[in-house]
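**Student:** Just dropping this structure here.
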Amino acid sequence: MTTGHDAHIDTERAILAQRASEDAPIACRKLTAPQVMDPAPLAVTAGCPVGELGALFTSSAADVAIVVDTDGCPVGLLTPADILRLSRLPDRPDLPPLRAANAASLGAFTARLQAPLRQLLEVVVDLGASHVVVVSEDGRTRGLIRSHDAMRALVGRSPVQLQPARTFGS
């Protein structure tokens, strides 16, 4: 039985196949990560207390936070849903505060700055990544591509212009 999610994935794959074909507009085939990514994603340091993240998510309206190490390299992702799940844990004042690095999903899908749109779409569609962290050659976070950013590029809409990235916590 096909679920709504499966139908959605099949639709994305069909669009990908059509746009990646030789008939796709040349401009679409030449797009790279910087032209599609959000250059100002919410990023938090690994040591940021999880208790501070709820306020950051609500004030920034972000759907994900990239957890970065001291060099700015991604170590994982946190979502508002993660914070809500953690808020259901019993309060333990005898334990040190939970830090972002301990609460984040381990690892993150990444792509290099000059990755072509076709490669990014393979990660989003074939691997099921809803977020791809764009990194420089030295592995530092430079931006974020959400699945809807990739879709926007396919249908020819320009990404929203955003402010430079900020990192919170210490």
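**Student:** Sorted from largest down, what three extents in whole angstroms do the Cα atoms of segment 30-92 have along their principal axes?
**Tutor:** Result, largest extent first: 51, 24, 16 Å.
**Student:** Using θ = phi - 60° and the Karplus curve 6.51 cos²θ - 1.76 cosθ + 1.60, what whole-Hz ³J(HN,Hα) does each residue of segment 85-95 get, with Gly and Pro shown as x?
**Tutor:** 4, 5, 5, 7, 5, x, 5, 10, x, 7, 9
**Student:** Let me ask another. Whenever you get a sec, line up 146, 99, 92, 85 from highest to lowest accessible area (probe 1.4 Å, protein heavy atoms).
**Tutor:** 85, 92, 99, 146
**Student:** Provide the per-residue ³J(HN,Hα) series for segment 36-42, in order, calculated from phi with Karplus coefficients 6.51, -1.76, 1.60 and θ = phi - 60°, each as a whole number of Hz, with x at glycine and proline positions.
**Tutor:** My calculation for segment 36-42 gives 10, 6, 7, x, 10, x, 5 Hz in order.
**Student:** Hey, rough spin-label estimate for residue 91 and residue 138, points 7 angstrom out along Cα→Cβ, what's it come to in nanometres?
**Tutor:** 4.3
**Student:** Follow-up. Subtracting the Cα-Cα distance from 0.36 nm times the residue separation, let me have the gained length for residue 63 to residue 106 in nm, one decimal.
**Tutor:** 13.7 nm
**Student:** Non-local amide H neighbours of residue 46 (under 5 Å, H modeled in plane, Pro and chain starts lacking H): which ones?
**Tutor:** Close amide H contacts, sequence-distant or interchain: 68.
**Student:** Now for a separate question. For segment 106-118, just list the computed ³J(HN,Hα) in residue order, Karplus coefficients 6.51, -1.76 and 1.60, θ = phi - 60°, integers in Hz, with x standing in for Gly and Pro.
**Tutor:** Ordered by residue, 3J(HN,Hα) equals 6, x, 7, 5, 10, 9, 6, 3, 8, 4, x, 3, 4 Hz.
The values are calculated or read from the model by the stated rules, or taken from the named source; none is laboratory data. Keep in mind that this is a model prediction, so the values were computed, not measured. Reconstructed Cβ throughout: ideal geometry from the backbone, glycine too, with neighbour counts over all protein chains shown. Remember, those area values only see protein heavy atoms, side chains included, never the ligands or the DNA or RNA. Shrake-Rupley method; radii C 1.70, N 1.55, O 1.52, S 1.80 Å.
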